[in-house]
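The values are calculated or read from the model by the stated rules, or taken from the named source; none is laboratory data. Please read these numbers as outputs of a predicted model, since none were measured by experiment. Every residue, glycine among them, receives a Cβ derived from its backbone with ideal geometry; neighbour counts consider all protein chains shown.
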Amino acid sequence: MPTQDVLLRLPNPLYERIKQRADQARHSVEDELIDVLATAVPVVDELPAGLAEAVASLATLDDGDLWDAAR
């Protein structure tokens, strides 16, 4: 699979959390970041159409509306 290089500056506390997770899983920090990002950013095409539309619309909501939707 083709890849892209990304320079990412992380605050030290966040880096330490990622490093701790990587150490526990016996992964490199890079592999752990890829796992975290892959989980956080699902492929929209894999969601059922109705769910993909619902999730996409959440990006336009403010915090209050998101809390209402969560309830």
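General observations
- Annotation note: of ILE34, ILE18, the sole residue that is of a type in the set (Val, Ile, Thr), touching a residue at least 12 places away in the same chain (Cβ under 8 Å) and in a helix (DSSP H, G or I) is ILE18.
- Hey, LEU8 within 18 Å of the chain's Cα centre (by Cα), in a helix (DSSP H, G or I) and aliphatic (A, V, I, L, M) or not: no
- Region 38-71, residues that are at pLDDT 80 or above, surrounded by 10 or more Cβ atoms within 10 Å (Cβ to Cβ) and assigned to a loop (DSSP other than H, G, I, E, B): LEU61
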